[in-house]
Every structure is written in structure tokens, then in C-alpha cells.
1. If the requirement is being in contact with a helix residue (DSSP H, G or I) (Cβ under 7 Å, 6 or more places away or on another chain), part of a helix (DSSP H, G or I) and more than 21 Å from GLU14 (Cβ to Cβ), which of these qualifies: LEU56, LEU91?
2. Determine whether ILE8 is within 12 Å of the chain's Cα centre (by Cα), surrounded by fewer than 16 Cβ atoms within 10 Å (Cβ to Cβ) and either at pLDDT 90 or above or closer than 23 Å to ASP80 by Cβ (or both).
3. If a residue must be touching a Phe, Trp or Tyr at 6+ places or on another chain (Cβ under 7 Å) and over 18 Å from LYS6 (Cα atoms), how many such residues does the stretch 64-104 contain?
4. Looking at CYS28, is it touching a Pro at 6+ places or on another chain (Cβ under 8 Å) and surrounded by 12 or more Cβ atoms within 10 Å (Cβ to Cβ)?
5. Only one residue in GLY61, GLY35, GLY54 is of a type in the set (Gly, Ala, Ser), closer than 13 Å to PHE5 by Cα and either surrounded by fewer than 15 Cβ atoms within 10 Å (Cβ to Cβ) or touching a Ser or Thr at 6+ places or on another chain (Cβ under 6 Å) (or both). Which one?
6. For the stretch 34-53, which positions are in a helix (DSSP H, G or I) and in contact (Cβ under 8 Å) with a residue 24 or more places away in the chain?
Amino acid sequence: MRSNFKTIIKYLKERRDMLIPNKDSYECLTSFLIGYGMGKEESGETDVLNDFHGWLENKEGRNFSLHWGSYILHILCNGDEKKAINKVLDLLTEFVNETSPDGASMSD
């Protein structure tokens, strides 16, 4: 459910150190997000991130073969992990707001 994912993104923005052992590591953040999605699929729910890659391609106006995590870090943020952490959370917020079936948006 996207409302649960909205809550996760909110916590990652506000209190990332409660969820991730190294809050300044882009790799830890993306691993957490991927693991969260895998857990959802294992429990029979939909992984919200399944649609994120295609949404990002549409937003960028180009197709890319890189995983979304690598694309954000290396292409959009030139390898800058700190910038990439903020960028991925901003993009996920935008993605959830635009694709939420209930039309409710996340507040920053």
C-alpha cells in the first residue's frame, strides 16, 4: 500500500538513523528500500518500487539500462552520495505523490 510507503519515506527523510545503520550511506539507503520492497512482495503485497524505474525514465525523458539506484547516484548526482540521498528521497516523494491512487500527497 502506498500510504505505508509514504510513511517510510517520511521517516527516511526525518529520522533516517532509526532505520538505517549508516544514515549517510547511499548504498545502505538503497539496500533498505530494495529490501523493503522484497519484503512486501514476500508477504503478498505489491512492491511500490516496481513502477519507479519506468516513472523515472518518463520523468527523465530517456530509457536507461542502469538500476534506478545507480542512475540516480552516477548520472543525476555525479557520484555524490550526500546529494544522491536527498535526490532519491525527493524523487520517491514525487513518485508516490504522482502515482498515489487516493490522490493524497506527502507533505515535506
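1. On the way: LEU91 fails: more than 21 Å from GLU14 (Cβ to Cβ).
Exactly one residue qualifies, and that residue is LEU56.
2. Details: within 12 Å of the chain's Cα centre (by Cα): yes; surrounded by fewer than 16 Cβ atoms within 10 Å (Cβ to Cβ): no; either at pLDDT 90 or above or closer than 23 Å to ASP80 by Cβ (or both): yes.
Against the criterion (within 12 Å of the chain's Cα centre (by Cα), surrounded by fewer than 16 Cβ atoms within 10 Å (Cβ to Cβ) and either at pLDDT 90 or above or closer than 23 Å to ASP80 by Cβ (or both)), ILE8 does not qualify.
3. Result for the stretch 64-104: 6.
4. Details: touching a Pro at 6+ places or on another chain (Cβ under 8 Å): yes; surrounded by 12 or more Cβ atoms within 10 Å (Cβ to Cβ): yes.
Yes.
5. Details: GLY61 fails: closer than 13 Å to PHE5 by Cα; GLY54 fails: closer than 13 Å to PHE5 by Cα.
Criteria check complete, one pass: GLY35.
6. Going through the stretch 34-53, the residues in a helix (DSSP H, G or I) turn out to be 34-42, 48-53.
Across the stretch 34-53, the qualifying residues are ILE34, TYR36, VAL48, ASP51, PHE52.
The values are calculated or read from the model by the stated rules, or taken from the named source; none is laboratory data. Predicted model, so just to flag it, every value in this text is computed and none were measured. Ideal geometry is used to build each Cβ from the backbone, glycine not excepted, and the neighbour counts take in all protein chains shown.
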